[in-house]
Amino acid sequence: MITPVDPSESTDPCPALSAGQRRTAIAGALIAAFGGFASFNLLLSAMPGYAVRSGAGPSGAGVLTATLMAATLVVQPFTPWFFARLGRRHLLAASGALLGLPCLVLPAASTLPVLTGLTAVRGLGFGVFVVAGVTFTAELFPSGNRGRTIGWYGAVVGVAGILGAPLGIALARHEAYALAFALAAGTAALVLVGSFGFARAAAPARPVRPRSRRPRTMHGTWRSLRPMAGSLMVETASTTAYGVVFTFLPLTASAAPVALLAAQACTVLSRLGAGWLIDRYGGRRVLIPAVLVTTLGTATGAASDEPALLLAGSALFGAGFGAVQSATLVLAMQVAGDSPAGLGVPGVAWNVAFDGGTGIGALAGGPLLSLGGPSALFPATAAVLAAFLLPNLRAARLPDSKNCGLSHDD
């Protein structure tokens, strides 16, 4: 029998904020989330076609997505350090500028090295943006409501994907790349708009400098990451599938715009529903079925010539993927407690897992697609995701703690 979680012991990580300041900050965080992810998804789906048109081929398309994720990974561990010195407002504004300004140069770029360089700059901005967004949003709510909080944040992100991903594919197929780049720059500007929702003097105490003694820092980092390792492995595997689906489905299926729209719509609904279930029953109870559904949906990407089956599978993928994102993030954050400094560690780790998995899928998927086609690529990706689920089956039977339904021995 599944026992509901008792939220009575939750605490508020930002008790000093007035109700008005909290509402303004929440609005800013959600505006920034929509703008940043709309820009990201629009070009994530448009750039593969642009790379192919420029003569780079499917492997070149994968290189661009992998570069985006690699640059994101490079900057993410330093984001809490930047945050302590710049504060919420300036950090979000800087991330929006790095994400949007390269879009203004992309229409003049046609060679793979130049495209790769501009993509890397966008990756740096996106890396700062995603860590800041999810951490700042989690800070604004007590832990007992964190599942629903992350659900709403994820729903906004999903809506941005619903609009951005199919639009990027449609513009690419009509070769309207200049318009795609202009829209990506405009939506990235919303990150700057959202940053004004945060007060100027809102930075937490400065963390330990990166130059601190390395052995002690590495040991402390490992101790912080070890309890969330299981969730992070599942997160990495699920976003590997995400990188494969969103990079290569537009190149293999004529029904890809509708299929990805269905995936994004189901992700939005899933994030909202999964947040409520996580707060009530715990993240462990949500994670296992969510991964199984994601695995099944990933495998149906092989049905590139069966639009109805592809559409149904994409809907399953979105439903499972959305729940996996909420569950793994809440499970990781439970380890940190409620201090702003503590929440930065799982925020960085989870986003590194997300972006690392997306980059792995994009980079490894290109050669596999060239060798075996969609009938090899998508089932193989599903098999990898299923394999990463196995170590978590035993942990799913363990009781959750009373903090967001999570346990420290994840």
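The values are calculated or read from the model by the stated rules, or taken from the named source; none is laboratory data. Quick caveat, the model's predicted, so the values are computed rather than measured. Methodologically, a virtual Cβ is constructed for each residue, glycine included, from the backbone with ideal geometry; neighbour enumeration extends over all protein chains shown. We work out accessible area using only protein heavy atoms, side chains counted, and drop any ligands, DNA or RNA first. Shrake-Rupley method; radii C 1.70, N 1.55, O 1.52, S 1.80 Å.
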Among (1) open to solvent by 50 Å² or more (accessible area, probe 1.4 Å); (2) modelled with pLDDT under 80, residue 78 falls short only on (2)
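Are any of the residues in segment 318-326 out of contact with any Gly (no Cβ under 8 Å at 6 or more places or on another chain), aliphatic (A, V, I, L, M) and modelled with pLDDT of 90 or more?
Filtering segment 318-326 down to residues out of contact with any Gly (no Cβ under 8 Å at 6 or more places or on another chain) leaves 324.
Checking the rest, the ones that are also aliphatic (A, V, I, L, M) come to 324.
Those still in the list that are modelled with pLDDT of 90 or more too: 324.
Yes, segment 318-326 contains a residue that is out of contact with any Gly (no Cβ under 8 Å at 6 or more places or on another chain), aliphatic (A, V, I, L, M) and modelled with pLDDT of 90 or more.
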For residue 126, are the conditions met, namely being in contact with a Lys or Arg (Cβ under 7 Å, 6 or more places away or on another chain), aromatic (Phe, Trp, Tyr) and touching a residue at least 60 places away in the same chain (Cβ under 8 Å)? no
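Anything in segment 34-63 that is hydrophobic (A, V, I, L, M, F, W, C), touching a Pro at 6+ places or on another chain (Cβ under 8 Å) and buried (at least 24 other Cβ atoms within 10 Å of the Cβ)? List them, or say none. Spell out how you get there, then give the answer.
From segment 34-63, those hydrophobic (A, V, I, L, M, F, W, C) are 34, 37-38, 40, 42-44, 46-47, 51-52, 56, 61, 63; that's our starting set.
Checking the rest, the ones that are also touching a Pro at 6+ places or on another chain (Cβ under 8 Å) come to 52, 61.
Across segment 34-63, the qualifying residue is only 61.
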Condition first: farther than 17 Å from residue 193 by Cα and of a type in the set (S, T, N, Q). Can you find one or more residues in segment 90-113 that meet it? yes
Those residues of segment 138-183 that are modelled with pLDDT of 85 or more, over 23 Å from residue 319 (Cα atoms), part of a helix (DSSP H, G or I) and not hydrophobic (A, V, I, L, M, F, W, C) come to a total of 2
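Return yes or no: is residue 25 of a type outside the set (D, E, K, R), within 26 Å of residue 348 (Cα to Cα), at pLDDT 85 or above and open to solvent by less than 60 Å² (accessible area, probe 1.4 Å)?
No.
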Scanning segment 64-75 for residues that are within 16 Å of residue 250 (Cα to Cα) and either surrounded by fewer than 19 Cβ atoms within 10 Å (Cβ to Cβ) or among the hydroxyl-bearing types (Ser, Thr, Tyr) (or both) gives 65
Checked 301, 275 against criteria (out of contact with any Pro (no Cβ under 7 Å at 6 or more places or on another chain) and not acidic (Asp, Glu)); the one match is 275
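Given the criteria open to solvent by 10 Å² or more (accessible area, probe 1.4 Å) and more than 17 Å from residue 77 (Cα to Cα), does residue 101 qualify? Even if it seems obvious, please write down each step before you answer.
Values: open to solvent by 10 Å² or more (accessible area, probe 1.4 Å): yes; more than 17 Å from residue 77 (Cα to Cα): yes.
Yes, satisfied.
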Residue hits (segment 74-122; β-branched (Val, Ile, Thr) and assigned to a helix (DSSP H, G or I)) are 74, 75, 79, 114, 116, 119, 121
Of the conditions (1) within 27 Å of residue 244 (Cα to Cα); (2) over 18 Å from the mean Cα position of the chain (by Cα); (3) modelled with pLDDT of 90 or more, the single one that residue 120 does not satisfy is (2)
Checklist entry - For segment 141-152, does any single residue satisfy the condition of being free of Cβ contacts under 8 Å to residues at least 24 places away in the same chain and among the small types (Gly, Ala, Ser)? => result no
The number of residues in segment 273-317 that are closer than 22 Å to residue 161 by Cα and outside any helix (DSSP H, G or I) is 1
